[in-house]
Amino acid sequence: MLLPFAIDAVVALAPGRNGIRGLELAKSFVLDPHKWLFQPYDVACMFISEPGALHRTFAMHPEYLADAQGGPVDFHNRSLELTRRCRAAKLWLTLRTYGMRTLVAAIERGIALAAHAETVIAQDSRVDLVTPAQLGVVTFAGVGVSPAEHLKAAARVTA
């Protein structure tokens, strides 16, 4: 069973949230810590219910790796690369330095800021609310502003 989710997974698993219905049925799922846990893009968390699945997926046994075979876990068989950068250390250090309580508070603040932005937008006649706040995202558009003008404004903000 594949559960397609990304941005809301970390939030849904946070204490006090409703969780993700059906998660216990998944054979695997991935969380993207860069979305809510302030991590670089290349960090991901993968949960797999069947321990041999990664090995069967990534295992390689070329002759030039013969001397590296046979240990309890061959880490070169855990990813497409033959060697592993220490991506997990980034997340581990964040969790150890700030703790889950601080990270959950930051997530809750992001959600609250989006809800506040929705309220401010709803009261401003210069903008229309396009979608209500959902987690940390709220979208809006300028009243009477053409799509071309929206693109120019977005380019200025993101330059």
Completion exercise
Restricted to the stretch 17-34 and to residues being at pLDDT 80 or above and more than 18 Å from the chain's Cα centre (by Cα), the residue surrounded by the most Cβ atoms within 10 Å (Cβ to Cβ) is Lys27
Practice task
Would you confirm whether any residue within the stretch 97-112 is over 19 Å from the mean Cα position of the chain (by Cα) and surrounded by fewer than 13 Cβ atoms within 10 Å (Cβ to Cβ)?
Solution key: yes
Exercise for the section: Give the number of residues within the stretch 23-34 that are within 14 Å of Ser49 (Cα to Cα) and of a type outside the set (A, V, I, L, M, F, W, C). Expected result: 3
Completion exercise
Residue pairs qualifying under the 8 Å Cβ cut-off, at least six apart or on distinct chains, with the first in the stretch 128-150 being over 12 Å from Ala117 (Cβ atoms) and the second being in a loop (DSSP other than H, G, I, E, B), are Asp128/Val143; Leu135/Ile7; Leu135/Asp8; Gly142/Arg126; Val143/Ser125; Val143/Arg126
Problem - Filter result (on the phi > 0 side of the Ramachandran plot and either under 23 Å from the mean Cα position of the chain (by Cα) or part of a helix (DSSP H, G or I) (or both)) within the stretch 113-159 - result: Leu135
Completion exercise
Sole miss for Val138 among (1) exposed (fewer than 11 other Cβ atoms within 10 Å of the Cβ); (2) at pLDDT 90 or above; (3) under 29 Å from Ala153 (Cβ atoms) is condition (1)
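The values are calculated or read from the model by the stated rules, or taken from the named source; none is laboratory data. All values reported here derive from a predicted model rather than from experimental measurement. No Cβ is skipped: glycine too gets one built from the backbone with ideal geometry, and neighbour counts run over all protein chains shown.
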